Amino acid sequence: MKKLLRVIIYPFIFIYLLFILAPKTEGFYLLEEFLQTKKVVFSNEKHVDFGLMFHVKNPTIYFDSIKAGSIENSSLLFTLFYNRVSVKNFVIAKDFKDFFPGDIEILKATHTILFPHIIKLQGRGEFGELEGEVNLVQREMRVLVRASGVLSRKYGQLLRGFKKTKEGYLYVQRF
């Protein structure tokens, strides 16, 4: 019995140590390098690697050399069973206010081992609230937006690609 427990517990401990000791900052640099090919640049950010959590504080985001906005804090939690990426207080720059309906208070993407093919999305901001999911098997993203009055009035053009339902506006995209 003890030998069976060792066979089960030791691999889990090894995997968790890999997650804790993994060089998350270098992973972030790889992400930055990839985003640069898409003309997205992060600057003035501060990285904090804390065990299973990785924080990026106060980055300024540029798209095609134009300031797109700034984020107060973003965090990444990676474990074997539960993964979460969250962005808090994303302030949209004035130049992009015409394209995007206001600042984002919080945006979360979560993934669990219980549903490995689903990534859940949640968000709240000046646009209202959103919830949705990305189905990796069906290659489909579904997002339901409960629009605020500002979004409905000022950004009606943006909502044309959405289907109006009694719960809100539904956006479905296949990839």
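For this structure, a couple of remarks:
- Ranked by the mean number of other Cβ atoms within 10 Å of their residues, highest first, the peptides 98-107, 18-27 come out as 98-107, 18-27.
- Mean ellipticity per residue at 222 nm, deg cm²/dmol - from DSSP H runs of n ≥ 4 across the chain, formula -39500 (n - 2.57): -7500 deg cm²/dmol
- In the range 61-175 the Cα-Cα distances spread across 10 Å bins starting at 0 as 13, 37, 38, 11, 0 percent of all pairs.
- Taking the fewest neighbouring Cβ atoms within 10 Å as the starting point, the ordered list for 81, 28 is 81, 28.
- Here the average projected area of the convex hull drawn through the C-alpha atoms of the range 1-100 stands at 7.7 nm².
- Within the same chain, lysines fewer than 8 places from residue 97 are excluded, and of the rest, those with a Cα less than 24 Å from its Cα are 38, 39, 57, 67, 88, 108, 154, 163, 164.
- Dipole of the chain, positive direction: furthest Cα of 69, 141, 23, with charges on the beta-carbon: 141
- Each residue of the range 124-140 was assigned a 3J(HN,Hα) from its phi angle through the Karplus expression (A = 6.51, B = -1.76, C = 1.60, θ = phi - 60°), giving 8, x, 5, 6, x, 10, 9, 8, x, 8, 10, 9, 6, 6, 7, 6, 9 Hz with x at Gly and Pro.
- The range 27-47 versus the range 107-167: alpha-carbon centroid distance in Å: 25 Å
Any read-out appearing in this document is the output of simple, stated calculations on the displayed coordinates, not a laboratory observation. What you see is a predicted model; the values in this text were computed from it and never measured. Note: ideal-geometry Cβ built from the backbone for every residue, glycine included; neighbour counts use all protein chains shown.
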